[in-house]
Amino acid sequence: MQKRVVTPEFKRILKDRLDNIGKCELCGSKRGLELHHIVPVVLGGGDNEDNLILLCTGCHAKLTPKKELAKIGMKASGGLLHDKQIPVCNSQK
């Protein structure tokens with residue numbers, strides 16, 4: 001799988017979310033923040049406001065289960081968001 005190029009839009013949204021939200025949108029942690037694609041890029045998801053959520057690495061890992069990724073042929077660096085309740089991580093805030 002080829003590494004994806006980070007778009008200017010992705011960078012802008014990341015900076016905006018860090019400046020204005022500054023914490024994981026699931027658990028509230030302020031550590032290890034990164035953007036998660038709700039609909040993975042390989043499945044047609046884009047770098048737009050409605051498809052990105054700011055998560056800590058713990059919550060991001062919970063939304064990216066390896067067995068689910070294997071079903072669609074993705075590596076662990078991709079992402080999935082499920083329609084079920086997701087337990088948040090235990091990161092310190």
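When 26, 35 are compared by accessible surface with a 1.4 Å probe, the order from highest to lowest is 26, 35.
Between the beta carbons of residue 57 and residue 9, assuming R0 = 35 Å, the FRET efficiency works out to 0.95 to the nearest 0.05.
Each residue of region 25-31 was assigned a 3J(HN,Hα) from its phi angle through the Karplus curve 6.51 cos²θ - 1.76 cosθ + 1.60 (θ = phi - 60°); the sequence is 6, 9, 10, x, 5, 9, 9 Hz, with glycine and proline shown as x.
When you count the other C-beta atoms within 10 angstrom of each residue and take the mean per peptide, 39-47, 8-16 line up highest first as 39-47, 8-16.
Count charges around residue 53 for me, please; just the other residues with Cβ under 13 Å from its Cβ, Lys/Arg as +1, Asp/Glu as -1. Net charge in that neighbourhood comes out at -3.
The values are calculated or read from the model by the stated rules, or taken from the named source; none is laboratory data. Only a predicted model underlies this, so the values are computations on that prediction, with no experimental measurement involved. Cβ: placed from backbone, ideal geometry, glycine included. Neighbour counts: every protein chain shown. Ligands, DNA and RNA are stripped out before the accessible areas are found, and what is left, the full protein with its side chains, is counted by its heavy atoms. Shrake-Rupley method; radii C 1.70, N 1.55, O 1.52, S 1.80 Å.
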